[in-house]
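Taking it in order: structure first as structure tokens, then the write-up.
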Amino acid sequence: MNRVMKKTISNVCALKIPRKYFCTEGVKVGGSAIGEASNEHEKKQTISKIIPQYDIAIVGGGMVGMALACFLASMPMTKQLNVAIVDSNPALSSGLHIKKEDPPDPRVSTVTPASISFLRGSDMHCHTRMKRSRSRKVEVACESSYQGDFGGVVVANPRRFEWCDHRFERQLQWWLRRRMTSVAAVMVVVTVWDYTGLGYARYHARDVNKDYLGCVAENKVLHNALLSCVKDSDFKTTIYPLRLSSMTLNTSSMSVVEENTKSVEPPSAQGHGAKLQLSDGSSLYAKLVVGADGGKSHVRELAGIKTTGWNYSQNAIICTVEHASENVCAWQRFLPTGPIALLPMGDKFSNIVWTMSPAESNSRKSTTEEEFLKDVNYALDYGYGPRPTSGLLGTRDMFSWFKMDATISTNEFFEIPPKVIKLASERMVFPLTLRHANSYASKRVVLIGDAAHTVHPLAGQGVNLGFGDAFSLSRIIAEGIALGTDIGEVNLLKKYETERRSANIMMMAILDGFQKAYSVDFGPFNILRAAAFHGANCISPLKKGIISYASGEHRLPIFL
């Protein structure tokens, strides 16, 4: 009898769940709803008995969640992990087909040099200058007429600009080449001013001896580049195109579904983890659950993590617009109702991010294209107040003692933003909030990206904070594995929280302060704001510090 029982148990343990490959052997689509038609009854019986185990379950396969998977795949200590990605977005399983004739998507991200550096290191560690290619070119907005073509991307001052020859950038460039009407724009110049016309600041990449201040690209292009990076790697990733229904922490039993699944954890960590129930009734176990599921994070809610924050009583309306000529600069004007930003997207396209009251946003979303374009040009140029002048109350003389170290952009005069002539996409509206999780980590659960913090979009820092979270967490996990620590232990995860919390709170406080400071229309206060603009424009150390902080090179705002 004992022999029969042992043989039966051995046969059950040898069973494997058949899975359909997603694209490569490294990335698979999981879940009972995705199985092949043959032997369906046998699969259901197997799934009902055996629950798959993973080292990490990433809930949320957006840009930040996928970036975490890329970072884990690139590190020697973490690339052997077995990872599940849970996200109901059909693009993860079927792929997003971008057509050449499609209009540019209004959902874009401004990626800072620090984030670009993180993504460069997500695959190959050697940085090489890519060969020139004239056959397939992506036009990139730049101010200088001196251009060069590197890896199919035209950039300013190619003598200093280098692409890292790694999988993410190759995939990003490939997707950009597919989009003849939508390209990524390298930001070289940023101009900021307010509606009073009393002051402005102009930031140039050459002020800090850089060739760019960041780039602007469609979210779906970035997302597909990251997804392709994961698919093309040998990283063991299973994608579940489902929603998370419930989560049980500190489960005492876990069953292994694949005999080839290797555990990175020491024996003492076996038998402990979180159980995730998915929307189709299936389940999976994970030693660590990463909540990358956005501002309304279900993982955060199930983990019982509270948030602190408020609603701004403002909405942002976003869209893509077209100019008569190429826009080569990023512009931001602070208006009484909120800032409006004009971001270059390459060619003759720009992206609009306009903050206003909910009533105004609903009205402008439904108005005619002609009326909307008239409002946009009014807000970007002559509306609400005069254009800025080159000096205010002698402020240029006031800061003349910094003249010997003046930056290149200090003596550049204010330029008028290019006129918008056409609406190139639909208008989308979303509410603005500030939220911060009271804790980033608990036993078996950790939050990254918008699940941990949401910020005002006035500086385009949201996705960059998320990339910083993902990079930091991947490094902490690698350190834990090297020391033989359980990756779900709260003491290890708190190291990530300690590293990221202060930087995130500081950025949130600065952005919230800007939002509130420019919501006040009071004579003496307007003069002080103008003086601050001129100080930021004329005082070289201050300007360089602001650029370095906004670029992500400094974790804290050390401006002087």
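Assorted remarks:
- Listed values for region 281-289 are Karplus-derived 3J(HN,Hα) couplings in whole Hz (6.51 cos²θ - 1.76 cosθ + 1.60, θ = phi - 60°), namely x, 7, 9, 8, 10, 8, 6, 9, 10, and x replaces Gly and Pro.
- Proximity of backbone amide H atoms, modeled 1.01 Å from N, is registered between TYR518 and no other residue at under 5 Å, excluding neighbours fewer than 5 places apart on the same chain.
- Amide H contacts for VAL328 (H built 1.01 Å from N in the peptide plane; partners 5 or more residues away or on another chain; cut-off under 5 Å): none found.
- Tail fraction, Cα-Cα pairs, region 290-347, threshold 16 Å, whole percent: 66 percent
- Taking a ≥ b ≥ c as the square roots of the eigenvalues of the Cα gyration tensor, an a/c ratio of 1.5 or more together with a/b larger than b/c marks region 419-518 as prolate.
- Gyration tensor verdict on region 55-110 (Cα atoms; rounded if a/c is under 1.5, prolate if a/b is larger than b/c, oblate otherwise): prolate
- Order by protection proxy (mean Cβ within 10 Å, highest first), peptides 466-474, 538-546: 466-474, 538-546
- Other-chain or far-sequence residues with amide H under 5 Å of ASN82's (modelled H): ASP55, ILE56
- Taking only the alpha carbons of region 467-545, we obtain Rg and Dmax values of 20.0, 61 Å in that order.
- Set LYS287/LYS495; LYS296/LYS495; LYS79/LYS99; LYS296/LYS443; LYS210/LYS365 screened for pairs whose C-alpha atoms are more than 26 Å apart: LYS79/LYS99; LYS210/LYS365
- Cα gyration tensor shape for region 205-250, rounded if a/c is under 1.5, else prolate or oblate: prolate
None of the figures in this text is laboratory data; all of them are computed from the coordinates on show. A quick note: this is a predicted structure, and the numbers were derived from the prediction, not measured. With ideal geometry, Cβ positions are generated from the backbone for all residues, glycine too; neighbour counts draw on all protein chains shown.
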